[in-house]
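**Q** Provided herewith is a single structure, encoded as structure tokens, for subsequent inquiry.
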Number of protein chains: 2
Amino acid sequence: MDPIANTPAPPYYAVIFTSLRADVDEGYGAMAKRMVALAALQPGFLGVESARDGVGITVSYWTDLESIRAWKANAEHLEAQRLGHQKWYAAFKTRIAKVERDYALLRLAPGGTSVRSWAPVYGVINRVPGLTPFARSISIQAF
Amino acid sequence: MDPIANTPAPPYYAVIFTSLRADVDEGYGAMAKRMVALAALQPGFLGVESARDGVGITVSYWTDLESIRAWKANAEHLEAQRLGHQKWYAAFKTRIAKVERDYALLRLAPGGTSVRSWAPVYGVINRVPGLTPFARSISIQAF
């Protein structure tokens, strides 16, 4: 999975999950991995980004609120949430947000010039096969 | 600053900045730190959360879109953005999103029972002095 999610043009939804781990491990790593793999199979899933150093931030992207509700109610996910509440997290906050605009830098070549553009071009860029966030030097500005 | 931002009840806005660093350092750390401190001084700033391991995710929270626009146009921030484009980032994506709902776990005591509640209680909790995300065992569910 791309470390920077290759989401379509807005609007779409983001679930921002920010957490502080408790001392307890007990299967946390395997469960976290399983939840990412399982989320990716759900209808409406668009991508996920995740980083932890002290605080952990995981942002998953979805086509609509209904997809987010369905994922939250997934039986295996409910069990993971229960264990998270019970033992894995000291604190967390989950925010459901509607992405209204986005812009990106994708550098194609070291020192290459940047091409700035707007939403129509953005859509084209997103459809170019193999142009992942690792591709370099196209800058797209849509805000 | 709290590692989990103590934001007010929604709605408010989130700027989700996901990035991959280039190899170049050249003052990146100092500038990143300065930008967090400077952002915190801007009108409409509500908080910021940040983590990096490989991919970096920084989410800043704002009262409204106008505050985000003003911060994006801040002279010192514009220079930081220019340098980021030019040398510090291999790729990034910025998403502007409206937070519509949130819920949280704040554990008050190890093994303590969780209290689940809705937005009105959420507001009260947010006003309890000293109850930071490090406080433990109040679970607030508003989704």
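The values are calculated or read from the model by the stated rules, or taken from the named source; none is laboratory data. Because the structure is predicted, anything quoted here is derived from the model rather than measured. Glycine also receives a Cβ, built like all others from the backbone with ideal geometry; neighbour counts cover every protein chain displayed. Quick note on the areas: whole protein, heavy atoms, side chains included, nothing else; ligands and nucleic acids left out. Shrake-Rupley method; radii C 1.70, N 1.55, O 1.52, S 1.80 Å.
**Q** What pairs come out if I take residues in segment A:80-101 that are more than 7 Å from chain B (Cβ to nearest Cβ) and pair them with residues that are open to solvent by 30 Å² or more (accessible area, probe 1.4 Å) and of a type in the set (Val, Ile, Thr) whose C-beta lies under 6 Å away, six or more apart or interchain?
**A** A:LYS87/A:VAL24
**Q** Right, something else. Can you run down the residue pairs with Cβ atoms below 6 Å, 6 or more apart or on separate chains, where the first is in segment B:1-14 and facing another protein chain (nearest Cβ under 8 Å) and the partner is assigned to a loop (DSSP other than H, G, I, E, B)?
**A** Close Cβ pairs (under 6 Å, with a partner that is assigned to a loop (DSSP other than H, G, I, E, B)) amount to B:ILE4/B:PRO133.
Here's the yes/no breakdown for (1) more than 30 Å from A:MET35 (Cβ to Cβ); (2) at pLDDT 90 or above; (3) not assigned by TED's automatic domain parsing to the domain that holds A:GLY27:
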{"site": "A:THR63", "(1), (2), (3)": "no, yes, no"}
{"site": "A:ILE68", "(1), (2), (3)": "no, yes, no"}
{"site": "A:ALA90", "(1), (2), (3)": "no, yes, no"}
{"site": "A:ARG116", "(1), (2), (3)": "yes, no, yes"}
{"site": "A:VAL128", "(1), (2), (3)": "yes, no, yes"}
{"site": "A:PHE134", "(1), (2), (3)": "no, no, yes"}
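**Q** Just checking, which of B:LEU65, B:LEU41, B:LEU46 is surrounded by 15 or more Cβ atoms within 10 Å (Cβ to Cβ) and away from chain A (no Cβ under 11 Å)?
**A** B:LEU46
**Q** Still on this structure, please answer the following. Take the residues in segment B:1-27 that are outside any loop (DSSP other than H, G, I, E, B) and open to solvent by 40 Å² or more (accessible area, probe 1.4 Å), then tell me which one is nearest to B:GLY84 (Cα to Cα).
**A** Checked segment B:1-27; the qualifying residue nearest to B:GLY84 (Cα to Cα) is B:ARG21.
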